[in-house]
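What follows is a set of notes on a single structure, which appears directly below.
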Amino acid sequence: MIYDLIILGAGPAGITAAVYAARKRLNFMVVTRDIGGQAAISGDIENYTGYQFITGPDLAKKFADHLKQFSFPLKEGEAVRQVKKLADKAFKVITDQGEYEGKALIVATGKIPRPLRVPGEAKFKNRGVSYCATCDGPLFAGKSVAVIGGGNSALDAALSLAKIAKQVYLVNINPRFTGDPIMEEKLRAADNVVILNGANTLKINGDKFVTGIEVKIGGETKTLPVQGVFVEAGLTPNSAFIEFVDKNKAGEIEVNCATETSEPGVFAAGDVTTVPDKQIIIAAGEGSKAALRAFRYLAELK
């Protein structure tokens with residue numbers, strides 16, 4: 001079967017695109033590793049219109065519940081390996097479990113965590129090193145942990161962990177945070193959070209599990225006694241599987257204001273694109289634009 005549209009990803013952008021595609025009665029499918037994307041692993045959300053306060057997992061569940069109101073093929077748990085152009089203005093999506101063809105694509109695969117690439121990180125992954133405070137935070141209740149990063153994701157992780165951990169060290173390589181000031185204010189008010197700006201993470205120590213990290217601050221090396229390390233050092237666009245669209249140096253897919261890429265029939269939305277502000281509400285809006293533009297493209301396709 002050749003689908004009208006294949007949507008890659010089911011975060012806020014992909015889910016919204018799917019809702020619009022369903023309402024337009026397109027013959028489409030969704031391929032995704034998970035439902036909810038970055039929203040599902042976010043902490044407290046206070047800036048999504050319509051909700052004064054909601055947690056990331058709760059918002060992701062509402063997205064998923066909305067999606068399930070429609071009937072269409074959903075390939076959950078599949079990772080996209082490659083996208084190929086076919087001769088008849090169609091595209092082939094190759095995953096780790098199958099192959100699918102569509103006349104148009106929406107790439108909404110978001111971003112993936114960027115590793116620190118320091119000694120001990122790979123060795124202690126899932127043995128104290130984590131990339132998701134929402135997922136793994138409860139395992140460290142009453143323990144000391146470190147959060148590596150200085151953006152919103154790091155501040156959010158530190159705030160979540162401060163509610164359950166004995167001590168939270170926030171290790172930021174930059175001299176100041178790049179996240180929202182209101183989140184920084186909450187962190188500075190917490191009595192179990194130690195902020196270390198201008199600190200470079202050198203190594204993660206441990207035996208069977210993490211026992212500490214080494215950081216360098218102002219020429220001095222210190223060892224922080226922690227049992228958990230949460231890496232929030234930024235994200236990398238999940239776009240390596242598609243090579244025939246233009247990307248910037250960071251790997252983000254270049255799009256115009258209509259979510260069009262350099263390849264006719266391929267649209268992109270959300271954090272995987274060059275749209276500058278990575279916010280849940282922006283990703284959702286871009287997903288709706290992508291679906292509407294794809295519908296128009298298919299209507300005009302000869």
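The values are calculated or read from the model by the stated rules, or taken from the named source; none is laboratory data. What you see is a predicted model, and the numbers here were worked out from it, not measured in a lab. For neighbour counting, all protein chains shown are included, and Cβ atoms are generated from backbone atoms with ideal geometry for every residue, glycine included.
Within the group I41, I45, which residue is outside the structural domain of L155 (by TED's automatic domain parsing), touching a Pro at 6+ places or on another chain (Cβ under 9 Å) and touching a residue at least 24 places away in the same chain (Cβ under 8 Å)? Only one candidate passes the filter, namely I41. Taking the residues in region 1-55 that are basic (K, R) and surrounded by fewer than 17 Cβ atoms within 10 Å (Cβ to Cβ) as candidates, determine which candidate is farthest from the chain's Cα centre (by Cα). It comes out as R25.
Is there a residue in region 161-181 that is over 26 Å from I280 (Cβ atoms), charged (D, E, K, R) and over 24 Å from the mean Cα position of the chain (by Cα)? Looking for residues that are over 26 Å from I280 (Cβ atoms), charged (D, E, K, R) and over 24 Å from the mean Cα position of the chain (by Cα), one finds at least one in region 161-181, hence yes. For the condition assigned to a strand (DSSP E or B) and modelled with pLDDT under 90, I112 qualifies. When region 157-201 is filtered for residues that are touching a Leu at 6+ places or on another chain (Cβ under 8 Å) and closer than 21 Å to V118 by Cα, the ones remaining, listed by number, are A158, V168, Y169, L170, V171, N172, I195, L196, T201. With D271, D246 as the choices, which residue is in contact with a strand residue (DSSP E or B) (Cβ under 8 Å, 6 or more places away or on another chain), over 18 Å from L196 (Cβ atoms), crowded, with 23+ Cβ neighbours inside 10 Å and not aliphatic (A, V, I, L, M)? Being in contact with a strand residue (DSSP E or B) (Cβ under 8 Å, 6 or more places away or on another chain), over 18 Å from L196 (Cβ atoms), crowded, with 23+ Cβ neighbours inside 10 Å and not aliphatic (A, V, I, L, M) holds for just one of D271, D246, which is D271.
Among the residues of region 243-277, just one is in contact with a Phe, Trp or Tyr (Cβ under 9 Å, 6 or more places away or on another chain), among the β-branched types (V, I, T) and over 19 Å from A21 (Cα atoms), namely V255.
Filtered by the rule that a residue be at pLDDT below 95 and either β-branched (V, I, T) or surrounded by fewer than 22 Cβ atoms within 10 Å (Cβ to Cβ) (or both), region 145-158 gives G151, N152.
Look at region 18-33: where a residue is assigned by TED's automatic domain parsing to the domain that holds L105 and more than 16 Å from G98 (Cβ to Cβ) and a partner is part of a loop (DSSP other than H, G, I, E, B) and of a type in the set (S, T, Y), sitting 6+ places away or on another chain with Cβ atoms under 9 Å, you get A22/S71. Scanning region 82-138 for residues that are of a type in the set (V, I, T) and closer than 20 Å to P237 by Cβ returns V83, V93, I94, T95, I106, V107, T109, I112.
Assess whether S262 counts as being in contact with an Asp or Glu (Cβ under 8 Å, 6 or more places away or on another chain) and either charged (D, E, K, R) or in contact (Cβ under 8 Å) with a residue 12 or more places away in the chain (or both). Against the criterion (in contact with an Asp or Glu (Cβ under 8 Å, 6 or more places away or on another chain) and either charged (D, E, K, R) or in contact (Cβ under 8 Å) with a residue 12 or more places away in the chain (or both)), S262 qualifies.
Condition check ((1) within 25 Å of the chain's Cα centre (by Cα); (2) in a loop (DSSP other than H, G, I, E, B)) across all residues:
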position: V215; (1), (2): no, no
position: K222; (1), (2): no, no
position: F230; (1), (2): yes, no
position: A240; (1), (2): yes, yes
position: V245; (1), (2): yes, yes
position: V255; (1), (2): yes, yes
position: P276; (1), (2): yes, yes
position: A284; (1), (2): yes, no
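Of all residues in region 76-94 being within 19 Å of the chain's Cα centre (by Cα) and in a strand (DSSP E or B), which is surrounded by the most Cβ atoms within 10 Å (Cβ to Cβ)? By that ranking, first place goes to V80. Annotation note: of P138, P119, the sole residue that is free of Cβ contacts under 8 Å to residues at least 60 places away in the same chain, more than 12 Å from V231 (Cβ to Cβ) and outside any strand (DSSP E or B) is P138.
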